[in-house]
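First up is the structure itself, then whatever we jot down about it.
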Amino acid sequence: MNLVIIYKDYGKEENMATRGKSINLFLMDGEASGRIKCTLANWTGLAYKIPRIDLDRCKSREDLKQSGVYFLFGKSENSEKGIVYIGQAGARKNGEGILDRLKEHKRNSKKDYWTEAIVFTTSNNSFGPTEISYLENRFCNLAKQANRYEVKNENDPTMGNITEEKESEMEEFIDYAKVVMGTLGHKVFEPYAKSNVDNQNDISYDTDENNTILYLKRKVKEFGEVQATGMQTSDGFVVFSGSHISTEDDNTVPQVLKERKKTVKLDENGNLIDNMPFSSPSYAAMFVIGKSANGLVSWKDENGKTLKDLELNK
């Protein structure tokens, strides 16, 4: 089964004309939950989305015996963050490449967290050691910068020696790969919001016209004042880094939020180090306050309008 998706790329310049991209998704097993082959017009790249349980069904795929870069995706048991491991695989003397490496990971008990893999290779088998080393390094660093997923790579992959001509070619490949990755369901390269932090009292965020920075400020008995900033996004609600949260929770807070707070990273002043995603504004508010809260009235814009009023006026 083939699906064609038209993706709109708005470019970096404000007045740049919208460009469309035609993405072809081939549902190899006839269903969206199965294996997916992805190609993009005018791109030599080739991507596969492969559920872990379907690896053995790919042994006849010659393009998966090539060199490439792969992503192993799973879910953290301690937080709502996804997990990703990023690696490279070169073609081997026995004729096996990417697929053989994925099978090794499947047998590794230390990597039992992943449930699906996304693979990038090329239709013309043009990746050599230089290309896959560069891509592994860049993909790993982009994922860490976006901070949507917990990156499981213990060591920073080496970039290797690359010419400026080849670097330009690989950066173009990466631009296309970002589009394909999002289409396949993982926003691993997309930050919740870009922040510019001079100090903990002066934080600004780059947002588009459809997003509003929201604030929560409240006195909490036996703790003091909490101050947080956040935003409603397509994924739910995000509490931004730099927010000062209560470190204690009362009995009205769901257990899942209490468990998340045990793993949260704070600086020496008790401020969040990372952006924190939540399924709803209320869960985000309870996480900040440490008590039961209605997120629709707890979060307000700079003029004091509640999130509830803002949504009603849209």
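The values are calculated or read from the model by the stated rules, or taken from the named source; none is laboratory data. As the structure is a prediction and not an experimental result, all values here were calculated from the model. Heads up, the Cβs are rebuilt from the backbone with ideal geometry, glycines too, and the neighbour counts pull from every protein chain shown.
On the given criteria, is Ser126 assigned to a helix (DSSP H, G or I) and either farther than 30 Å from Phe278 by Cα or assigned by TED's automatic domain parsing to the domain that holds Lys65 (or both)? No: the conditions fail for Ser126. One residue alone among Glu150, Glu167, Glu154 is under 25 Å from Lys65 (Cα atoms), in the same structural domain as Thr44 (by TED's automatic domain parsing) and of a type in the set (Asp, Glu), and that residue is Glu167. Scanning the stretch 288-314 for residues that are buried (at least 16 other Cβ atoms within 10 Å of the Cβ) and in contact (Cβ under 8 Å) with a residue 12 or more places away in the chain returns Val288, Ile289, Gly290, Lys291, Gly295, Leu296, Ser298, Trp299, Lys300, Leu307, Lys308, Leu310. Is at least one residue of the stretch 268-281 of a type in the set (Val, Ile, Thr), touching a residue at least 40 places away in the same chain (Cβ under 8 Å) and over 20 Å from Ser234 (Cβ atoms)? No, the stretch 268-281 contains no residue that is of a type in the set (Val, Ile, Thr), touching a residue at least 40 places away in the same chain (Cβ under 8 Å) and over 20 Å from Ser234 (Cβ atoms).
A residue that is part of a loop (DSSP other than H, G, I, E, B) and either over 17 Å from Phe120 (Cβ atoms) or in contact with a helix residue (DSSP H, G or I) (Cβ under 7 Å, 6 or more places away or on another chain) (or both) cannot be found anywhere in the stretch 173-186. Checking each residue in the stretch 153-166 for being surrounded by 13 or more Cβ atoms within 10 Å (Cβ to Cβ) and out of contact with any Lys or Arg (no Cβ under 8 Å at 6 or more places or on another chain) picks out Asn153, Pro157, Gly160, Ile162, Lys166.
Can you confirm whether Asn201 is out of contact with any helix residue (DSSP H, G or I) (no Cβ under 9 Å at 6 or more places or on another chain), modelled with pLDDT under 90 and over 20 Å from Met276 (Cβ atoms)? When the stated conditions are applied, Asn201 does not pass them.
Which residues, taken from the stretch 26-44, are farther than 22 Å from Lys59 by Cβ and either assigned to a strand (DSSP E or B) or touching a Gly at 6+ places or on another chain (Cβ under 9 Å) (or both)? Steps first, please.
So in the stretch 26-44, the residues farther than 22 Å from Lys59 by Cβ come out as 32, 40-44.
Hit for the stretch 26-44 is Leu40, nothing else.
Considering only residues of the stretch 51-82 that are hydrophobic (A, V, I, L, M, F, W, C) and within 18 Å of the chain's Cα centre (by Cα), which is farthest from Leu257 (Cα to Cα)?
Taking the stretch 51-82 first, the residues hydrophobic (A, V, I, L, M, F, W, C) are 53, 55, 58, 64, 69, 71-73.
From what is left, the residues that are within 18 Å of the chain's Cα centre (by Cα) are 69, 71-73.
Numbers: Val69: 35, Phe71: 28, Leu72: 26, Phe73: 23 Å.
Per the stated criteria, the residue is Val69.
For Thr252, the conditions (1) within 25 Å of the chain's Cα centre (by Cα); (2) part of a loop (DSSP other than H, G, I, E, B); (3) within 24 Å of Thr306 (Cα to Cα) are fulfilled apart from (1). Look at (1) surrounded by 15 or more Cβ atoms within 10 Å (Cβ to Cβ); (2) of a type in the set (S, T, N, Q); (3) at pLDDT below 90 and you find that Ser109 fails only one, number (1).
Residues of the stretch 38-67 that are crowded, with 21+ Cβ neighbours inside 10 Å, out of contact with any Lys or Arg (no Cβ under 8 Å at 6 or more places or on another chain) and under 23 Å from Glu150 (Cβ atoms): none at all.
If Ala285 meets every condition in (1) touching a helix residue (DSSP H, G or I) at 6+ places or on another chain (Cβ under 6 Å); (2) touching a residue at least 24 places away in the same chain (Cβ under 8 Å); (3) part of a loop (DSSP other than H, G, I, E, B) apart from one, which number is that one? Ala285 satisfies all of (1) touching a helix residue (DSSP H, G or I) at 6+ places or on another chain (Cβ under 6 Å); (2) touching a residue at least 24 places away in the same chain (Cβ under 8 Å); (3) part of a loop (DSSP other than H, G, I, E, B) except (3).
For the condition surrounded by fewer than 16 Cβ atoms within 10 Å (Cβ to Cβ), closer than 25 Å to Asn141 by Cβ and either outside the structural domain of Ile50 (by TED's automatic domain parsing) or modelled with pLDDT of 90 or more (or both), Thr183 does not qualify.
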